[in-house]
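The values are calculated or read from the model by the stated rules, or taken from the named source; none is laboratory data. Everything numeric here is computed off the predicted structure, so don't read it as measured data. Methodologically, a virtual Cβ is constructed for each residue, glycine included, from the backbone with ideal geometry; neighbour enumeration extends over all protein chains shown. In case anyone asks, the SASA skips ligands and DNA or RNA and just uses the protein heavy atoms, side chains included. Shrake-Rupley method; radii C 1.70, N 1.55, O 1.52, S 1.80 Å.
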Amino acid sequence: MSALPLLGFVAWSGTGKTTLLEQLIPLLGQRGLRLGVLKHTHHDFDMDKPGKDSHRLRQAGARQVMAASDRRHALICETPEGEPPLEALLARFDRDQLNLLLIEGFKHRHFPKIELHRGAIGRPLLFPDDPDIVALISDRPQATTLPQFRFEDLDAIADFICARLPIRDAQPPLPPLRLLARAQEAIPNPAGETCLPGYLTQDADGCLLVRPASAVMPSALPAANCLIECATNSAIAPGERVRIRLLSGE
């Protein structure tokens, strides 16, 4: 299984990380990306609502509660022993359903990140001390060789993100082309083979015809140019319609 690409967004509080992601995610989705998001938040956050069944079950002492419907499901885990390692959180995501995981926060961990910076916040830039930062989004130009974007350059930011992704795995090869042909004569199959060598022609009306052939030369039979699929592993009667696969190079 190939590793799921990660891209973080780091900044001081109040810079607008969530707002930027909210604007970027639709643009990345339009470019064909299937996205996940991991967000670091404050210690005692709670996505549940007091009075709801799931909240009542947690209050009763359940360490893990999953709420599920035909549209979505969510697992809420209590972690009194402390915050899980980042690796454990990443493992919760279904890699087969995603081709990019966006991470908000976790700025002290090592993975590629884009820094967001606003001068009005009055906090120092992060990239001089973080070699994992690969680009900067800022409200004013900065002295750096990193790619720089303004907050409103959303399409350019989305293009930059897509360009960083690994080339997608090649699509699996198409299955061999299969055609239907009519047996010109009886095709014996004494050994119960699943495929037999055949010689494919067509009549004046363009209908495909097949008859026994030989895969070994010299032979009294014509040289094989196709394989005849024997669905029942038995002989084929004259006039029977069969599936055939062309041999390589035909």
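Screening L75 with (1) of a type in the set (A, V, I, L, M); (2) free of Cβ contacts under 8 Å to residues at least 24 places away in the same chain; (3) under 29 Å from D130 (Cα atoms) gives one miss only, at (3). Does at least one position in region 15-29 carry a residue that is open to solvent by 70 Å² or more (accessible area, probe 1.4 Å), free of Cβ contacts under 8 Å to residues at least 40 places away in the same chain and farther than 30 Å from G119 by Cα? No; the residues of region 15-29 include none that is open to solvent by 70 Å² or more (accessible area, probe 1.4 Å), free of Cβ contacts under 8 Å to residues at least 40 places away in the same chain and farther than 30 Å from G119 by Cα.
Suppose the filter is at pLDDT 85 or above, touching a strand residue (DSSP E or B) at 6+ places or on another chain (Cβ under 8 Å), surrounded by 11 or more Cβ atoms within 10 Å (Cβ to Cβ) and among the hydrophobic types (A, V, I, L, M, F, W, C); does A181 pass it? Considered against the rule, which asks whether it is at pLDDT 85 or above, touching a strand residue (DSSP E or B) at 6+ places or on another chain (Cβ under 8 Å), surrounded by 11 or more Cβ atoms within 10 Å (Cβ to Cβ) and among the hydrophobic types (A, V, I, L, M, F, W, C), A181 comes out as yes. Going by the structure shown, is R71 surrounded by 10 or more Cβ atoms within 10 Å (Cβ to Cβ) and modelled with pLDDT of 80 or more? Here the answer is no, as R71 does not meet what is asked. The set of residues in region 120-144 that are touching a strand residue (DSSP E or B) at 6+ places or on another chain (Cβ under 8 Å) and not in a loop (DSSP other than H, G, I, E, B) comprises F127, I133, V134, A135, L136, I137, S138.
Could you give me the residue pairs with C-beta distances under 7 Å whose first residue belongs to region 143-168 and is touching a residue at least 24 places away in the same chain (Cβ under 8 Å), whose second residue is open to solvent by 40 Å² or more (accessible area, probe 1.4 Å) wherever it lies, and which are 6+ apart or on separate chains? Pairs found: F151/D139; L154/Q23; A158/R31; F160/P147; C162/R31. With the structure loaded, tell me whether A60 is over 28 Å from A158 (Cα atoms), open to solvent by 80 Å² or more (accessible area, probe 1.4 Å), among the small types (G, A, S) and modelled with pLDDT under 90 or whether it fails that test. For A60, the condition - over 28 Å from A158 (Cα atoms), open to solvent by 80 Å² or more (accessible area, probe 1.4 Å), among the small types (G, A, S) and modelled with pLDDT under 90 - is met. State the number of residues belonging to region 107-119 that are assigned to a loop (DSSP other than H, G, I, E, B) and in contact with a helix residue (DSSP H, G or I) (Cβ under 6 Å, 6 or more places away or on another chain). The number of residues fulfilling the criteria is 1. The set of residues in region 1-36 being part of a helix (DSSP H, G or I) and of a type in the set (V, I, T) consists of T18, T19, I25. Every listed requirement among (1) among the aliphatic types (A, V, I, L, M); (2) open to solvent by 40 Å² or more (accessible area, probe 1.4 Å); (3) touching a strand residue (DSSP E or B) at 6+ places or on another chain (Cβ under 8 Å) is met by A91 save one, (3).
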